[in-house]
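Below: one structure, written as structure tokens.
The values are calculated or read from the model by the stated rules, or taken from the named source; none is laboratory data. Please read these numbers as outputs of a predicted model, since none were measured by experiment. Cβ placement follows ideal geometry from the backbone for every residue including glycine, while neighbour counts extend to all protein chains displayed. For accessibility, only protein heavy atoms count, side chains too; no ligands or nucleic acids. Shrake-Rupley method; radii C 1.70, N 1.55, O 1.52, S 1.80 Å.
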Amino acid sequence: MRVQKLSLLAVAVAAGLSLTACQSGDDSSAGSDDSSSSAQSSGSQSSGSQDSGGSSASTGNGTSTAGSDASTGGSSNGGSGTGTGACQTSHLAFSSSGGMAEGTLIVNLKNTGSATCTLKGFPGADLKGKDGTVSAERSKLAPPSVSVKPGEETRFTLHYPSNDSGGSGVTFTSLVVTPPNETHSHTLPVTINVPATDGSGPAITVDPVGTGK
């Protein structure tokens, strides 16, 4: 009986050890699973950081591209502001003064716009008075291309025969100026007296913009 009891006790102990070993194995497996999960979680976080970095790099490229576009836009705006367009009458201020020589009138054209513009050619110049209107003829000077910066001015000269006849002649009280390549005019008050002729006398002429002193 004692031997049988010892055998049963040994079996019980062995069973207990086996159960303990199984539990230890399960714990080890669980720990391994936890470790694996932790590693996977760590890997996911690392991947997310790289994605964030990639997104940041993409944003940087986008910013660079936007900057490039802005630069291009600025360059384009700079192109329109460099003055390739013709000066418009609405962006010009007109004034007149007597020329160095008798029988000349200087007409000044000042750029009041915000960008440089260009004038090339003969202006329209029509003298008006109570006796009628006379359009100035073009001189034989070649017209230069003149760039006028904001605030700067250029000029042209009107030539007319002075009245040395002793008679009252013909008096003009206004000058209608039309800039080259424009359809809108500006009227200046003037006092110009020329001899009355039958058309055989000297003509009233106008020089191109940008010539003379």
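Data for the structure
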read-out: For segment 127-169: accessible area per residue (Å², 1.4 Å); value: 65 Å²
read-out: Largest-first ellipsoid semi-axes for segment 110-163, taking √(5λ) over the Cα gyration tensor eigenvalues, angstrom; value: 27, 14, 9
read-out: D126 accessible area, 1.4 Å probe, all protein chains in place, Å² to nearest 10; value: 40 Å²
read-out: Total formal charge among the other residues, if their Cβ is under 15 angstrom from that of N193, Lys/Arg +1 and Asp/Glu -1; value: -1
read-out: Accessible surface of segment 120-211, 1.4 Å probe, proportion on carbon and sulfur as whole %; value: 48 percent
